[in-house]
1. Tell me, what is the Rg over Rh of region 43-113, with Rh the Kirkwood radius over Cα pairs?
2. Output wanted: per-residue J couplings in Hz (rounded whole) for region 79-86, from phi through Karplus 6.51 cos²θ - 1.76 cosθ + 1.60, θ = phi - 60°, x for Gly and Pro.
3. For VAL81, list long-range residues whose amide hydrogen, built 1.01 Å from N in the peptide plane, is under 5 Å from its own amide hydrogen.
4. Using alpha-carbon pairs under 8 Å, 6+ residues apart, how would you state the relative contact order of region 67-111 in percent?
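Just so you know, all these numbers are worked out from the coordinates, no wet-lab data involved. All values reported here derive from a predicted model rather than from experimental measurement.
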Amino acid sequence: MIKSLQNMGCKKYMLLGAFGIFLALTGCSKEEALTNIELPPTSLLSMREKWGVIASSHLRMRDKPDPQSEVVTTFWNRRGVVLEVLSQSPEKVFLEGYENYWYQVSYDGLIGWVFGAYVELYGSREQALRAARETR
């Protein structure tokens, strides 16, 4: 009786093994065509500069990239302050006689948008800090 139970257990494993081989051979036989994905260019992915230095005697940080949007804060006499640039608007706009992008920036826990004509951009924090020391 013990021998017949062992044979049954062995048959179960053989059956499971054969089923596994069957799945492996038939389940992988279809090749899926690769889909070519093209991402549209975005300001965040294409932006090289990551740091900005205020180049104006006053600068308004706004809630949205629009001169009519709510002012988050105003940098009065803060020329040379370093801002972290998070993103830029997709297109340049003409404002106050200048054509430039809007930049989303972070400073001291605040996040908002500033017009690029009043900010000098740099590729690294160290470059921005160096420029800020020279600006002040």
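1. 0.93
2. Result, ordered by residue: 4, x, 6, 8, 10, 8, 8, 9 Hz.
3. HN-HN under 5 Å from VAL81: ILE54.
4. 34
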